[in-house]
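Taking it in order: structure first as structure tokens, then the write-up.
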Amino acid sequence: MSKANVSASKFLSYILRHKPDAIGLSLDSEGWANIDELIRLANHSGTPLTLAQLFSIVEEDTKQRFSLSPDKTFIRAAQGHSLKSVRLNLTETLPPDRLFHGTAERFMDSILLNGLLPQQRQYVHLTDNPDTALETGRRYGKPVLLTVNSQKMIKDGHKFYQADNGVWLTVKVPNRYISIKESPRISDS
Ligand code: HQG
């Protein structure tokens, strides 16, 4: 992805997950924004964005962060929202027996005490891919890979949802379902 598109993609994540107000945009209750309006308001607020650029960002994004409506007139972030007003309205889905979460060593005392909490977002984000989890953890410091016993969580009545891009979401993960899985691939970087 070009440098310009990376920066536009970050802008879109910020607007569609956290702060549509920043450019005067309204999202509907499920987080969808009208694409023409989004482009108009982005340009108006000093962030140049074209329709072709928006479609290429959606297509090229390796994490598939954005979803389009079938007629391609609306866009939303697939996951990651902090906005309380948005409900993605995802269907409850059965996850694989184990899921992973990558975090940083400095959060571990609190996680072992309180479990995984959504913090600023609506959900705790989990993945079926340990490498992706480690990469996520690395954003915050020395990474730690956690394994979540989703099978046991389901048995105990916890609910899971899968975002359009495959990310697994749940409201919280109490500490009894978490184990630390140090990966041989973790480097000390
Ligand atoms: C940690 C990326 C202390 C949690 C990824 C994480 C993801 C706690 C941080 C998506 C805690 C929150 C979300 C507790 C959790 N005490 N720390 N009790 N419970 N934490 O960014 O999962 O590139 O809100 O471990 O791929 O890191 O943005 O969540 O380190 O899918 O598209 O608190 O963001 O996608 O951080 O990442 P975040 P996350 P994008």
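Quick rundown of the values:
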| item | result |
| --- | --- |
| Contour excess over end-to-end distance, with Cα ends at residue 82 and residue 19 and 0.36 nm allotted per residue | 21.8 nm |
| Computed over the range 98-181: relative contact order in percent, which uses C-alpha pairs under 8 Å that are six or more apart | 42 |
| Cα→Cβ-extended label distance, 7 Å offset, between residue 139 and residue 92, nm | 2.8 |
| Percent carbon-and-sulfur accessible area, the chain, ignoring ligands, DNA and RNA, probe 1.4 Å | 50 |
| Under 13 Å, Cβ to Cβ, from residue 175 - net charge with Lys/Arg +1 and Asp/Glu -1 | +2 |
| Sequence-separation-based contact order of the chain, relative, with Cα cut under 8 Å and 6+ spacing, percent | 20 |
| Helical mean residue ellipticity (222 nm; -39500 (n - 2.57) per DSSP H run of 4+; nearest 500) of the chain | -8000 deg cm²/dmol |
| Whole-number accessible area per residue in Å² for the range 98-181, which is evaluated in the context of all protein chains at 1.4 Å | 52 |
| Per-peptide average of other Cβ atoms within 10 Å, ordering 89-95, 167-173, 65-71 highest first | 167-173, 65-71, 89-95 |
| Length added when fully stretched, residue 105-residue 56, from 0.36 nm per residue minus Cα-Cα | 14.1 nm |
| The range 22-107, relative contact order in percent, only Cα pairs under 8 angstrom and at least six apart counted | 31 |
| Backbone HN-Hα couplings from phi across the range 69-84 [Karplus 6.51/-1.76/1.60, Hz, Gly and Pro as x] | 5, x, 8, 6, 9, 10, 9, 8, 6, 5, 6, x, 5, 9, 4, 6 |
| Cα-based reach from residue 152 at 30 Å (exclusive), listing lysines while leaving out same-chain residues under 8 positions away | 63, 84, 142, 172, 181 |
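The values are calculated or read from the model by the stated rules, or taken from the named source; none is laboratory data. Bear in mind that the values here come from a model prediction, so they are computed numbers and not experimental data. Here the Cβ is made from the backbone with ideal geometry for all residues, glycine too, and neighbour counts use every protein chain on show. Side chains are part of the model used for accessible areas, which takes the heavy atoms of the whole protein and leaves out ligands, DNA and RNA. Shrake-Rupley method; radii C 1.70, N 1.55, O 1.52, S 1.80 Å.
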